[in-house]
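A.B. asks: Attaching a single structure in structure tokens format; questions to follow.
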Amino acid sequence: MCSVNFRRRSLKNDMFLFLIIVQVGLHTVEGVWPLPQSFISSIERYPLNPRDFYFCYRGRSTAQEGCSVLDAAFKRYFSLIFPDYTSGSGKLRFNEDKPFTVKISVDSRLCERYPNEDSSERYNLSVSTGQASLNAETVWGALRGLETFSQLVYRDDFGSYFVNKTDIKDFPRFQFRGILLDTSRHYLPVQAILKTLDAMAYSKFNVFHWHIVDDPSFPYQSRTFPDLSSKGAFHPMTHIYTQSDVRRVISYARMWGIRVIPEFDSPGHTKSWGKGQSDLLTPCYRRGIPSGTFGPVNPTLASTYQFMASLFKEVSSVFPDSFFHLGGDEVDFSCWRSNPYIREFMQKMGFGADFAKLQALYIEKIVKITSALNKTSIVWQDVFDYKERRSSLSVVEVWKQGCYLCEVRRVVKAGLRVILASPWYLDQPGPTHNWARYYNVWPLAFMGSEEQKRLVIGGEVCMWGEYVDATNLSPRLWPRASAAAERLWSDEKQTSSVEKALPRLQDFRCELLRRGIQAEPLNVGHCRHEYREA
């Protein structure tokens, strides 16, 4: 329990204090990103001394000392708030009378579990004389509140730390706010993934969509099918993710309140799979004889589904999240069309020459496998567009360009949930000042009922790997991805001005640099703390 007595501080300009009330974007509040739903700030400020700064669990909080997520967060955020302070920075004292204490109260007892699709991230934060009070429904909301508090702390020209009197009520607009990383086209070292998770948490992203395998390589090391990586990875020793690596990423993400959703895309994008699993891919034919090349997964063989069931059972035991991305995009039907055995199967099934029906059959069986493992399947929009067997689908990710809101409307009218990715493909290089393009996205700007719009559960930034590896991942992502982060977190009406958002994003970009994230500059200028290699 916290029982802290504080001395009153008086400022010479107390009588001239005035409140600046900011209801999400009516005035810019530099350094807070994404903008909270409700923000009330004052010019009254309080000095912070790292030697006399403490985190404390309130007595009524269900989370107490020993809650690993918050205990670790306190240490982490102490270093983020006071980056130049080293003496005693690892010593966090609880329940002591000290000049400034951040008091944490959490309602839910679920401290040691993983974040999920229903996890609340709502929090209230109040900063006053000698203390900050942070109340949240869950530890995940407390993490978001700690991030906001860390951004409220600033330094003057003499290096002294301050925080202003503030009241915040905040929650995310969308529950699903993701970043996709592609680790097949270029292998990303584990450390690069962990660094991305750091930056995601700073922007309040909460889902890491791990597109872990694809045509070029199969870096996931399977216990059940070790040949998949030993034969399908770029290198069987140096360019793989061991079970230990995967557990490390998932555990690290959990401490930031980030879900990890794996994607094993099929039946297309599977060339690397065939190197370690015989008879999985479809043999292609030319002029009636095998050409020696292979196409998508062969959907006509019972062995295909036995293999998928075994692989997915393993993957489901490794990745604790309830969501599982099955892919289903960009399937080239030409190999299926060339194979006489596939065509014979099509005729028996009454599909004629409609290969979309064949893929729909395959996806339906794969969805049943994942459903039996208590997983919710996500598929790319291609699967929905085939107009076959939609009843088995649950979550559709819209990724194609053009009228993507037209597609969103079609999906929600069918009663399915939507993740929007189309406007947030950041893998192609571009000037950083085009962040406004990703900011000026209105995910719900389509004709539909409120019930239908609630089916849009969020969106994600996609970082495909054709031209991206660890050398350019961070500057290509940040701070452009942060523009999408604010769109997915903050109130749309109050964050509609690019001009008002720019000063905050510039400050936030400098904050990313100070925290060791190689974020590109937005324009001419400088940061007080330029990027330094850790």
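A.B. asks: Can you give me the accessible area per residue for region 305-366, using a 1.4 Å probe, in Å²?
C.D. replies: Per residue, region 305-366 has an accessible area of 39 Å².
A.B. asks: If the viscosity is 0.692 mPa s and the temperature 37 °C, what Stokes-Einstein diffusion coefficient in µm²/s follows for the chain when Rh is the Kirkwood radius over Cα pairs?
C.D. replies: The diffusion coefficient I find is 132 µm²/s.
A.B. asks: Share of the chain's accessible area from carbon and sulfur, percent, 1.4 Å?
C.D. replies: 50
A.B. asks: So how strong a dipole does the chain carry about its Cα centre when Lys and Arg Cβ are +1 and Asp and Glu Cβ are -1, to the nearest 20 debye?
C.D. replies: For the chain, the charge dipole is close to 600 debye.
A.B. asks: Using just the helices of the chain, give the 222 nm mean residue ellipticity in deg cm²/dmol: DSSP H runs with n ≥ 4 each add -39,500 (n - 2.57), and the total is spread over all residues, rounded to 500.
C.D. replies: Calculated at 222 nm, the ellipticity per residue is -9500 deg cm²/dmol.
A.B. asks: Something else now. Treating only the Cβ of Lys, Arg, Asp and Glu as charged (+1, +1, -1, -1), what charge dipole size does region 324-453 show about its Cα centre? Round to the nearest 20 debye.
C.D. replies: Its charge dipole is roughly 340 debye.
A.B. asks: A further question on this structure: Return a whole-number percent for the relative contact order of region 409-534, with Cα pairs under 8 Å and 6 or more residues apart as the contact set.
C.D. replies: Computed value for region 409-534: 29 percent relative contact order.
A.B. asks: For Cα pairs less than 8 Å apart in space and 6+ apart in sequence, what is the mean separation divided by the residue count of the chain, i.e. the relative contact order in percent?
C.D. replies: 15
A.B. asks: Still on this model: Please give the net charge around Ala470, taking every other residue with its beta carbon less than 12 angstrom from that of Ala470, where Lys and Arg add +1 and Asp and Glu add -1.
C.D. replies: Residues close to Ala470 contribute a combined charge of +1.
A.B. asks: Hey, another quick one. Going Cα to Cα from Lys387, which aspartates and glutamates come in below 20 Å? Please leave out same-chain ones fewer than 8 positions away.
C.D. replies: Those aspartates and glutamates meeting the cut-off are Asp265, Asp329, Glu330, Asp332, Asp354, Glu364, Glu397, Glu407.
A.B. asks: Further question: Tell me the per residue accessible area of region 197-254 using a 1.4 Å probe; a whole number in Å² is fine.
C.D. replies: Roughly 33 Å² per residue, with all protein chains present.
A.B. asks: Order Ile369, Ile517 by their accessible area, 1.4 angstrom probe, all chains in place, largest first.
C.D. replies: From most accessible down to least: Ile369, Ile517.
A.B. asks: Got the relative contact order for region 324-435 handy, in percent, Cα pairs under 8 Å and 6 or more residues apart?
C.D. replies: 22
A.B. asks: Okay, next question. Which is farthest toward the positive dipole end of region 252-400 among Val383, Ala356, Val396, measuring Cα position about the Cα centre, with Cβ charges +1 (Lys, Arg) and -1 (Asp, Glu)?
C.D. replies: Ala356
A.B. asks: Classify region 243-400: rounded, prolate or oblate, from the alpha-carbon gyration tensor (a ≥ b ≥ c, eigenvalue square roots; a/c under 1.5 rounded; otherwise prolate if a/b is larger than b/c)?
C.D. replies: In terms of gyration-tensor shape, prolate.
A.B. asks: Which value does Rg/Rh take for region 426-534 over its C-alpha atoms, Rh per Kirkwood?
C.D. replies: Radius of gyration over Kirkwood radius for region 426-534 works out to 1.01.
The values are calculated or read from the model by the stated rules, or taken from the named source; none is laboratory data. None of the values given here were measured: they were computed from a predicted structure. Every residue, glycine among them, receives a Cβ derived from its backbone with ideal geometry; neighbour counts consider all protein chains shown. These area figures cover heavy atoms from the full protein model, side chains too; ligands, DNA and RNA do not enter into them. Shrake-Rupley method; radii C 1.70, N 1.55, O 1.52, S 1.80 Å.
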